[in-house]
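Visitor: Below: one structure in structure tokens.
The values are calculated or read from the model by the stated rules, or taken from the named source; none is laboratory data. Keep in mind it's a predicted model, so treat the numbers as computed, not measured. No Cβ is skipped: glycine too gets one built from the backbone with ideal geometry, and neighbour counts run over all protein chains shown.
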């Protein structure tokens, strides 16, 4: 069985104007080492002190005064090390520092200190200078396996594994440099946008990838919609898109705008995304205009979002305003904020919240008026707030389009969590991570669809069977020739229609 060769270190022992060479390894006895050095320098061991330097910091003198310390020069040096021998007491160091002039044989002395100003009883301590380059090299493998490796964990691991104390700033900078080594430079990533867009369009026919730059030639916006996403939305998803924005965490920050849908198994299906500098009206307009063109879908598409003013303005401009649905969760959060400002009692809040929840889901305009009148009787300020919140965009019976029982934009936030890792990467790494995720997702869904017994997935099949079982005892009559039905249950009338 082969054995690992022992590390041998060549020590250059410097004393005044004399230099001798001594070899040490892990088996070298410290006392024998000191005797050998002092014998070669013709100095008494009791009259001198030994200090060594490391490759991390050639100008920091560390005391060499015991067997435990003899392993440190071996650990923190590669093939050679400097050992400086000083007189004890008021001693002369004869410290000299020089550098080569223009790389030639001539050296220029830039520091000379002949007198040691410390006494024998003084203690010396120092902090090794750890470069970002050294930290990043150590972190590479760990960061590759664990992209969420935190600076605080880096500090703990360096202290435990390398006996090196790092500041938070050092750990963060070392991590950023390691990320750059793994993913490439952020600046270089922007240079690849033109080439990447062309390749995405050429190699995946039907994919839409386009970008814009500002007047100074700097990156502005990037829109990407893969062919599999566009085709999958047209043939396998309900005409309903959930849009939202999330922050990018790279060096240049920015926003990631995304549009998602539910597939035939009621699961998240990413459709398109845009990376840009700000979440502004022009950015939303550019994103939704490109999205509408890329979809090329003849159906009336419902857009679900929060009640953000800029989003609302753009949706009503690019798509049909009647088919813009507000997220009910955001609506309820805004309502709670309004009630807190009005300092309503807890009991009053509970009554109003229950009435608004009933308003959101009811399909009956009669019940809508009933719950609205309850709110009017409970608090006029809340009633005014509800009427100003555009009920036709969030109330089920007033909404012109089909919501398919999807009243929140939680799906968009699921996408934000899905791309959490990618949000910290340079822009082209972000696109590539999403591309790989979409490839894996579509392949997995395709394999799952082969086992479907119906035109929908098992999640939707269970939902449909549940609704069928719940509707067994319902009775209905046709109210008109236009296929409008009146469904009767326990003397309650519900009006509905079908296309």
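Visitor: So which strands (runs of 3 or more DSSP E) stay within segment 203-253 end to end and still have 1 or more residues that are in contact with a helix residue (DSSP H, G or I) (Cβ under 6 Å, 6 or more places away or on another chain) and without any contact (Cβ under 8 Å) to a residue 24 or more places away in the chain?
Guide: 208-213
Visitor: For segment 181-202, enumerate the residues that are closer than 17 Å to residue 137 by Cα and either in a loop (DSSP other than H, G, I, E, B) or free of Cβ contacts under 8 Å to residues at least 40 places away in the same chain (or both).
Guide: Result: 184, 185.
Visitor: Go through the residues of segment 288-297 one by one and say whether even a single one is assigned by TED's automatic domain parsing to the domain that holds residue 431, at pLDDT below 90 and surrounded by fewer than 20 Cβ atoms within 10 Å (Cβ to Cβ).
Guide: yes
Visitor: OK, next. Would you mind stating whether residue 344 is at pLDDT 90 or above, surrounded by 16 or more Cβ atoms within 10 Å (Cβ to Cβ), touching a helix residue (DSSP H, G or I) at 6+ places or on another chain (Cβ under 8 Å) and on the phi < 0 side of the Ramachandran plot?
Guide: no
Visitor: In addition: Go through segment 8-52 and count every residue that is part of a helix (DSSP H, G or I) and closer than 20 Å to residue 79 by Cα.
Guide: 5
Visitor: OK, next. Being modelled with pLDDT of 85 or more, closer than 26 Å to residue 294 by Cβ, part of a helix (DSSP H, G or I) and touching a helix residue (DSSP H, G or I) at 6+ places or on another chain (Cβ under 9 Å) is the requirement here; does residue 152 meet it?
Guide: Taking the combined requirement at face value, the residue does not satisfy it.
Visitor: Further, regarding this structure: Of the residues that make up segment 396-414, is at least one in contact with a strand residue (DSSP E or B) (Cβ under 9 Å, 6 or more places away or on another chain), without any contact (Cβ under 8 Å) to a residue 24 or more places away in the chain, part of a helix (DSSP H, G or I) and assigned by TED's automatic domain parsing to the domain that holds residue 308?
Guide: No, segment 396-414 contains no residue that is in contact with a strand residue (DSSP E or B) (Cβ under 9 Å, 6 or more places away or on another chain), without any contact (Cβ under 8 Å) to a residue 24 or more places away in the chain, part of a helix (DSSP H, G or I) and assigned by TED's automatic domain parsing to the domain that holds residue 308.
Visitor: Out of (1) over 45 Å from the mean Cα position of the chain (by Cα); (2) at pLDDT 75 or above; (3) under 25 Å from residue 131 (Cβ atoms), the odd one out for residue 20 is which?
Guide: (3)
Visitor: In segment 173-205, which residues are over 15 Å from residue 252 (Cα atoms) and touching a strand residue (DSSP E or B) at 6+ places or on another chain (Cβ under 9 Å)?
Guide: Residues satisfying the conditions are 193, 194, 196, 197, 198, 199, 200, 201.
Visitor: Oh, and also: Check residue 277 against each of (1) within 21 Å of residue 208 (Cα to Cα); (2) touching a helix residue (DSSP H, G or I) at 6+ places or on another chain (Cβ under 8 Å); (3) free of Cβ contacts under 8 Å to residues at least 12 places away in the same chain and name the one condition it does not meet.
Guide: All conditions pass for residue 277, except number (3).
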